[in-house]
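Input: a single structure, listed below in structure tokens.
The values are calculated or read from the model by the stated rules, or taken from the named source; none is laboratory data. Not measured: the values here are computed from a predicted model. We place every Cβ from the backbone using ideal geometry, glycine too, and count neighbours over all the protein chains shown. Side chains included, ligands, DNA and RNA excluded: accessible areas come from the protein's heavy atoms. Shrake-Rupley method; radii C 1.70, N 1.55, O 1.52, S 1.80 Å.
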Amino acid sequence: MTHVSKRKLPHKKEDQLLNQLYKVVAQLDSKRASAFLSELFGEEERLMFAKRLAAIILYTEGVSSYRVSVLLNLSPSTTDRIRLNYEIGKYGAIRRFVTEDKGEYTRIVETLERILQMGFPPRGRGRWKKTLLKFTRE
């Protein structure tokens, strides 16, 4: 579980630290970014960020909060908070980033579909059809 110190940094120092982090991450290619983030964040933090990104992508695809909660094993309060932030435009930069490149977006959605289908019985007769993303390729 993440722990944030109760001793706060001055706002200016906090901004400087965050800007330094952003600059370092922006310079990484995908291979180095994977190693960097694996070393920087704990397993729980990485999973938290990955689930949050997956929820934002699912909301972009029109999936309901209940379905997101079930598919990603998130609490209803967490999915509701992410959904509210999504609806007020808080994740606008993330939405633009993941949807700008249609090819990359398609790969992200297909990977997410495969992950979410793990452990499910084979598709047939529409039994699990509602769990799949409704994604049309253009």
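Couplings for the range 107-112, taken from phi via the Karplus curve 6.51 cos²θ - 1.76 cosθ + 1.60 with θ = phi - 60°, read 5, 4, 5, 5, 5, 4 Hz in order; Gly and Pro are left as x. Highest mean first, the peptides 74-83, 22-31, 93-102 sorted by other C-beta atoms within 10 Å per residue fall in the order 74-83, 93-102, 22-31.
Averaging over all projection directions, the Cα-based convex hull of the range 1-65 occupies 6.4 nm² in the image plane. Carbon and sulfur atoms: what percent of the 1.4 Å accessible area of the range 1-121 do they account for? After summing per-atom areas, the C and S share lands at 57 percent. Taking Cβ atoms as reference points and 14 Å as the exclusive limit, the residues near Asp15 contribute a net charge of +3, counting Lys and Arg as +1 and Asp and Glu as -1.
Residues in the range 1-69 average 81 Å² of solvent-accessible surface per residue, probe 1.4 Å, ligands and nucleic acids excluded. Given Lys13/Lys102; Lys8/Lys90; Lys23/Lys51; Lys6/Lys31; Lys31/Lys90, which pairs have Cα atoms separated by over 30 Å? Too far apart for the 30 Å limit: Lys13/Lys102; Lys6/Lys31.
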